[in-house]
Amino acid sequence: QVQLVESGGGLVQAGGSLRLSCAASGSISSINAMGWYRQAPGKQRELVAMVTSGGSTRSANSVAGRFTISRDNAGNTVYLQMNSLKPEDTAVYYCNLRAERSEYWGQGTQVTVSS
C-alpha cells in the first residue's frame with residue numbers, strides 16, 4: 001500500500017515562510033504527477049501547485065510568485081516552499097500523488113497564518 005506523509009505545517013505570522021514536505025512510500029509503478037491541494041473551512045478543496053513527471057509545474061494564481069513546488073529526483077518526495085504567507089493561505093494542505101492506475105492522498109497538514 002502507498003502512503004503519503006506530510007510534514008512542515010504549523011503556525012506562522014503573515015509574511016513568514018513554511019516548507020511542506022511529502023514523502024511517498026510503497027510500491028508505485030509510475031508517477032504521473034504530484035501536487036499540493038488545500039482546503040479552508042467552508043471552501044472546496046483547491047489545487048495549489050503540481051509538478052508532472054515531465055518536470056513542468058503549475059500553480060494557482062493566488063499563490064503564484066510566493067509558493068514554489070519541487071520534487072526530488074532521488075526519491076518520491078515533493079516540497080512546497082511557501083513564502084510571504086497571508087492569512088488567506090490558512091488551510092489544511094494535502095499531498096496528492098497520481099499514478100498510472102491510482103490516486104493517493106496524504107492525511108493533510110494544518111497551515112495557520114496569523115495577522
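The values are calculated or read from the model by the stated rules, or taken from the named source; none is laboratory data. Worth saying up front: this structure is predicted, and the values here are computed from it rather than measured. Cβ: placed from backbone, ideal geometry, glycine included. Neighbour counts: every protein chain shown. We work out accessible area using only protein heavy atoms, side chains counted, and drop any ligands, DNA or RNA first. Shrake-Rupley method; radii C 1.70, N 1.55, O 1.52, S 1.80 Å.
Using the alpha-carbon positions of the chain, Rg (one decimal) and Dmax (whole number) come out as 13.5, 43 Å.
For the range 19-115, trypsin sites (Lys or Arg not before Pro) are listed when DSSP marks them as loop and at most 10 other Cβ atoms sit within 10 Å of their Cβ; the list is 43, 101.
Note on the range 1-63: percent of Cα-Cα distances in each 5 Å bin, starting at 0 and stopping at the bin with the largest distance, equals 4, 12, 18, 26, 22, 10, 6, 1, 0.
Computed with every protein chain present, the accessible area of residue 52 is close to 40 Å² [probe 1.4 Å]. If Lys and Arg each add +1 and Asp and Glu each add -1, what is the summed charge of the other residues whose beta carbon sits under 11 Å from the beta carbon of residue 90? After counting each charged neighbour, the total is +1. Assuming charge only on the beta carbon of Lys and Arg (+1) and of Asp and Glu (-1), the dipole of the range 10-115 about its Cα centre is about 100 debye to the nearest 20.
Accessible surface for the range 1-83, divided over its residues, is 55 Å² per residue with a 1.4 Å probe.
Of all DSSP bridge pairs formed entirely within the chain, close to 90 percent run antiparallel.
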